[in-house]
Amino acid sequence: MINKYDKLIPDNRYEQYVREEFKKLKTTKYGFNIKIVDGENNSTLWMELTPQKAELILKILKERQKEKK
């Protein structure tokens, strides 16, 4: 989730952080899974992380961000 403080940190720092986190993971035939948790500890079920799901997640995040305005 992007908040007002995110604008204070350059994008390349976030990219570096995410890349470093991915280095901790092993590539297996099972791929990657993701669980999304909000600030109130509500969460989704585990789901496979694919490029298509990543695009859908971005779409939903952008829609929610517009709703907040």
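A few remarks follow.
- Checked against the criterion of being touching a residue at least 12 places away in the same chain (Cβ under 8 Å), open to solvent by 90 Å² or more (accessible area, probe 1.4 Å) and either among the aromatic types (F, W, Y) or not in a strand (DSSP E or B) (or both), the range 16-25 contains not a single residue that satisfies it.
- Checking K7 against (1) modelled with pLDDT of 90 or more; (2) assigned to a helix (DSSP H, G or I); (3) open to solvent by 90 Å² or more (accessible area, probe 1.4 Å), the condition it does not meet: (1)
- Remark: pairs (first residue in the range 41-62, over 20 Å from Y30 (Cα atoms) and at pLDDT below 95; second residue open to solvent by 100 Å² or more (accessible area, probe 1.4 Å) and in a loop (DSSP other than H, G, I, E, B); Cβ separation under 8 Å; 6+ apart in sequence or on different chains) = L61/M1; L61/I2.
- Scanning the range 29-55 for residues that are more than 18 Å from V18 (Cα to Cα) and open to solvent by 100 Å² or more (accessible area, probe 1.4 Å) yields a count of 7.
The values are calculated or read from the model by the stated rules, or taken from the named source; none is laboratory data. If you're wondering where the values come from, they're calculated on a predicted model, not measured in any experiment. Please note: Cβ atoms are built from the backbone with ideal geometry, for glycine as well, and neighbour counts cover all protein chains shown. These accessible areas exclude ligands, DNA and RNA; they are computed on the full protein's heavy atoms, side chains included. Shrake-Rupley method; radii C 1.70, N 1.55, O 1.52, S 1.80 Å.
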